[in-house]
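Notes to accompany the following structure.
The values are calculated or read from the model by the stated rules, or taken from the named source; none is laboratory data. Being a predicted model, the structure only gives us computed values, none of them experimental. Cβ placement follows ideal geometry from the backbone for every residue including glycine, while neighbour counts extend to all protein chains displayed.
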Amino acid sequence: MPVTILVGAQWGDEGKGKVTDWLAEDIHIIARYNGGDNAGHTLNIEGKTYKLHFLPSGILRDGVVSLMGGGMVIHPERLLKEMQELATQGVDVSPQRLKISTNAHVITPAHQALEKADEETRGSSKIGTTGRGIGPAYTSKFARNGIRASAMRDPEVFGEQVYKAIENANKILHNVYQAPTLNASECAAKYSREAQRLAPYLVDGWAYLNHALREGKKVLAEGGQATLLDIDHGNYPYVTSSNPTAGGALVGLGFGPRQVDRVIGVAKAFCTRVGAGPFPTEQDNDIGAVMRGDGSNPWDDFGTTTGRPRRCGWLDMVALKYAVAVNGITELALMKLDVLGRFKDIQVAVAYDADGQRLEDFPVDQDLFGSVVPIYKTFPGWQTDIMDVTRWEDLPAAAQSYVEWIEQQLEVPISLVSVGPGREQTLLR
Ligand code: IMP
């Protein structure tokens, strides 16, 4: 069967971009199914660093078509800027290689202003969003007054829709939040100009994909964000506003479940999270700082989109088993194993203590999740730099045991282990 779904198994930033790039060798179309430029992939290829936010990582592979799915939300100006930056680096971003689904939704400056105002009123219970207007754009979509990308086919009509949307949002900004309002005419004119540039990229995504599948083409459905940020399955309300889980791929792109044969989960060998919300295994201390790195390398754990230091902690098997279940993960890619070489002992949460009761199943009740104390199992560290290792057989025995133990616990194979950012720092099993 022709579709592989690639999904983040933790709180995002697991390194999906690197896995996509590796898989892309056998793939014809890479289709991103959710989110917007809240995502950020940093890819290091042949000494060059590329930063992607909206665009599927397949854009860096010759011969692969990138599709931005209907489940995405798109900000025209920021998308054009990202395309321009890649073009300057020599990447082909022509309409032959990049397609935008007509049913994707459009992010306006009003969405960003509403998000800012909303975060301010939340005080200490801020979500800690990326500030890109993602949540309000999905709110408009579900309230059935959003703007679909298809409207860009007629820049004049598109401008009128943007004008109306901004005027409506201005009432809320002014009356509810007492926040500054926006100039609707200027926004509308700017969006019209941008629509002219993006119109050649529009396709009906479902049709494009299903014709390609019928022709025997292989598709990689790439999720933004990750399982624990999913609006339905994540740590609500500390989540993003879309469905990064595998089900989101079907809805966000428009194909049936029987097309899918692989669901690849991507997890770090430890955990990171940006933004607010519960994180039981968090190490807000020297251990976390060592995991994060000092920021001197592009692959240290600082946000690609916001530059925020990521919160770091030990691997959480309760959460990872949950991710395997809710996504139907069939194999796992384990990333950043090299980072654990910095520790004498390595801890892994195997269960939670909830007020004296042992929990092995991930709790949906987020107050409960916020109060659990991890029960750890300790593994001996290998305390060596493994970034130069290129074959599984050459990994230290302690590192192999760590990976094999995770695999046995999850009951899914770990088919790829990453020990560094480069393409060659990938151990296939
Ligand atoms: P939003 O998606 O900007 O609404 O942010 C909601 C939450 O999801 C915040 O905690 C963000 O930090 C987090 N988030 C959104 N996108 C990503 C991502 O690509 N990686 C990691 N965290 C993300």
* **Residue within the stretch 80-96 that is outside any loop (DSSP other than H, G, I, E, B), within 16 Å of the ligand (Cβ to nearest atom) and either acidic (Asp, Glu) or touching a residue at least 12 places away in the same chain (Cβ under 8 Å) (or both) present** => yes
* Structure fact -> Matching residues in the stretch 391-408 (of a type in the set (Ser, Thr, Tyr) and crowded, with 16+ Cβ neighbours inside 10 Å) number 1
* Can you list the strands (runs of 3 or more DSSP E) found entirely within the stretch 1-77 that contain at least 2 residues being polar (S, T, N, Q)? -> 41-45
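When you look at Ala184, is it buried (at least 20 other Cβ atoms within 10 Å of the Cβ), among the aliphatic types (A, V, I, L, M) and more than 24 Å from Gly70 (Cα to Cα), yes or no?
yes
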* Structure fact -> In the set Thr306, Thr272, the lone residue that is in the same structural domain as Val373 (by TED's automatic domain parsing), within 16 Å of the ligand (Cβ to nearest atom) and either surrounded by fewer than 19 Cβ atoms within 10 Å (Cβ to Cβ) or closer than 18 Å to Asp232 by Cβ (or both) is Thr306
* the stretch 148-181 - residue that is touching a residue at least 60 places away in the same chain (Cβ under 8 Å) and of a type outside the set (S, T, N, Q) and, of those, nearest to Gly36 (Cα to Cα) -> Ala149
* Structure fact -> In the stretch 349-361, anything surrounded by 22 or more Cβ atoms within 10 Å (Cβ to Cβ) and under 30 Å from Leu428 (Cβ atoms) is listed as Ala349
* To do: From the list Pro56, Pro109, pick out the single residue that is surrounded by 16 or more Cβ atoms within 10 Å (Cβ to Cβ), farther than 30 Å from Ala24 by Cα and not hydrophobic (A, V, I, L, M, F, W, C).
  => Pro109
* Residues of the stretch 66-88 classified as within 16 Å of Thr102 (Cβ to Cβ) and among the aliphatic types (A, V, I, L, M), total -> 6
* Is it true that Arg311 is crowded, with 21+ Cβ neighbours inside 10 Å and either closer than 19 Å to Asp284 by Cα or among the aromatic types (Phe, Trp, Tyr) (or both)? -> yes
* To do: Collect the residues in the stretch 102-138 that are over 18 Å from the mean Cα position of the chain (by Cα) and within 16 Å of Gly252 (Cα to Cα), keeping them in residue-number order.
  => Thr102, Asn103, Val106
* Asked: Is it true that some residue in the stretch 124-133 is surrounded by fewer than 23 Cβ atoms within 10 Å (Cβ to Cβ), more than 30 Å from Pro278 (Cα to Cα) and touching a helix residue (DSSP H, G or I) at 6+ places or on another chain (Cβ under 8 Å)?
  -> no
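Any idea which of Ala267, Ala289 is surrounded by 21 or more Cβ atoms within 10 Å (Cβ to Cβ) and either touching a residue at least 24 places away in the same chain (Cβ under 8 Å) or under 25 Å from Gly128 (Cα atoms) (or both)?
Sole residue among the options that is surrounded by 21 or more Cβ atoms within 10 Å (Cβ to Cβ) and either touching a residue at least 24 places away in the same chain (Cβ under 8 Å) or under 25 Å from Gly128 (Cα atoms) (or both): Ala267.
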* **Considering residues of the stretch 292-303 that are over 14 Å from Trp11 (Cβ atoms) and small (Gly, Ala, Ser) only, the residue surrounded by the most Cβ atoms within 10 Å (Cβ to Cβ)** => Gly293
* **Enumeration of residues in the stretch 115-147 that are near the ligand (Cβ under 7 Å from one of its atoms) and either outside any helix (DSSP H, G or I) or free of Cβ contacts under 8 Å to residues at least 24 places away in the same chain (or both)** => Ile127, Gly128, Thr129, Thr130, Gly131, Arg132
* Starting from residues that are in a strand (DSSP E or B) and under 21 Å from Ile100 (Cβ atoms), keep the ones in the stretch 215-263 and report whichever is farthest from the chain's Cα centre (by Cα). => Val219
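Quick grid of which residues meet (1) out of contact with any Ser or Thr (no Cβ under 9 Å at 6 or more places or on another chain); (2) assigned by TED's automatic domain parsing to the domain that holds Arg32; (3) within 27 Å of Asn168 (Cα to Cα):
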site	(1), (2), (3)
Val65	yes, yes, no
Leu79	yes, yes, yes
His111	no, no, yes
Glu115	no, no, yes
Gly135	no, no, yes
Tyr138	no, no, yes
Met152	no, no, yes
* Residue count, the stretch 14-59 (criterion: more than 12 Å from the ligand (Cβ to nearest atom), modelled with pLDDT of 90 or more and farther than 15 Å from Pro244 by Cα) -> 7
